[in-house]
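Structure first, then comments.
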Amino acid sequence: MEQRTYNQYCATARTLDIVGERWTLLLIRELLTGPKRFGDLQASLRGLGTGLLAARLKHLEREGLAHKITLPAPARTPAYALTEAGEELGPAILELARWGLKWSMGQRRPSETFHPGWAMLGLRACFDPAAATGLHAVYEFRIDAEVFHARVDDGLLEVLQGPAQHPDVTLTLDQETFLRLTSQDLTLMEAIDIGAASASGDRKALRKLSGLFRLPPPRTRTADQNPS
């Protein structure tokens, strides 16, 4: 597959030469939350055919953004992981996510899919370090069949796949409830009160959770027709 180029000696253009093709940034988004097998990527990126997925992964390998690994026991299966160069695209993708939360989300379209694993990136995009000053807590999230945990350590956040060894708080909910939370149609405590979510563990850490992640108020991109 011929690689297109802007033919510009510019850092932005050179970067877009590497990651600007369709699906490429979404593949990097998937790998930012940890190594993935080929089948995992297929499941998360419905609409991306097998041949094109293989081509995009080869492109990432060729450009030094991803490489093949073998997952540790008990899996011991081939997977893909980001290189150092690929990981350093994380802040740019998080900024795109923050911009999207503010300027482009709106209502979910009937044709749009949602994967609970994307919540991991959403937590990182919305994290407020100042609100986590002095807090040391581990939160485990169970959204349908997806399990991941967030470790908060005095203003720092680490989000990892899989269950936590010793979570301070465990939250269980389905993806529809999670989407209601992210659309600000429902608060976490309201979801717990009506039984749409359940929580166990340290109540003090639970009360702090809602203040750790701040969604930007949605804005419209439509130009003001009557400027003052």
For the chain, state the average projected area of the convex hull of the C-alpha atoms over all orientations, rounded to one decimal in nm².
16.6
Separation between the ARG37 and LYS68 pseudo-spin-labels, each 7 Å from Cα along Cα→Cβ, expressed in nm?
1.5
Full-stretch length increase - LEU25, GLU190 - with 0.36 nm per residue and alpha-carbon distance subtracted
55.9 nm
Where is the GNM fluctuation largest for the chain (alpha-carbon springs, 10 angstrom cutoff): THR15, THR172, THR77?
THR15
Gain upon complete extension [ARG14, ARG109; 0.36 nm per residue less C-alpha separation]:
30.9 nm
If the chain between GLU95 and ARG221 were fully stretched, how many nm would it gain, using 0.36 nm times the residue separation less the Cα-Cα distance?
43.6 nm
Using the heavy atoms of the protein chains and a 1.4 angstrom probe, tell me the accessible area per residue for the chain in square angstrom.
61
With label points set 7 Å from each Cα along the Cα-to-Cβ direction at THR172 and LEU123, the distance between them in nm comes to 1.7
MRE, 222 nm, helices only [DSSP H, n ≥ 4, -39500 (n - 2.57), over the chain, to nearest 500]
-11000 deg cm²/dmol
With every protein chain in place, region 143-228: carbon and sulfur % of accessible area (1.4 Å):
48
Surface share of carbon and sulfur [accessible, 1.4 angstrom probe, percent] for region 81-137:
58
What do you get for chymotrypsin sites (Phe, Trp or Tyr not before Pro) in region 75-115 restricted to DSSP loop and a cutoff of at most 14 other Cβ within 10 Å of the site's Cβ?
PHE114
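The values are calculated or read from the model by the stated rules, or taken from the named source; none is laboratory data. Note that the coordinates shown come from a computational prediction; the quantities given were computed from them, not determined experimentally. So basically every Cβ, Gly included, is an ideal-geometry build from the backbone, and we count neighbours across all protein chains shown. Surface accessibility is based on the protein's heavy atoms, side chains included, excluding ligands, DNA and RNA. Shrake-Rupley method; radii C 1.70, N 1.55, O 1.52, S 1.80 Å.
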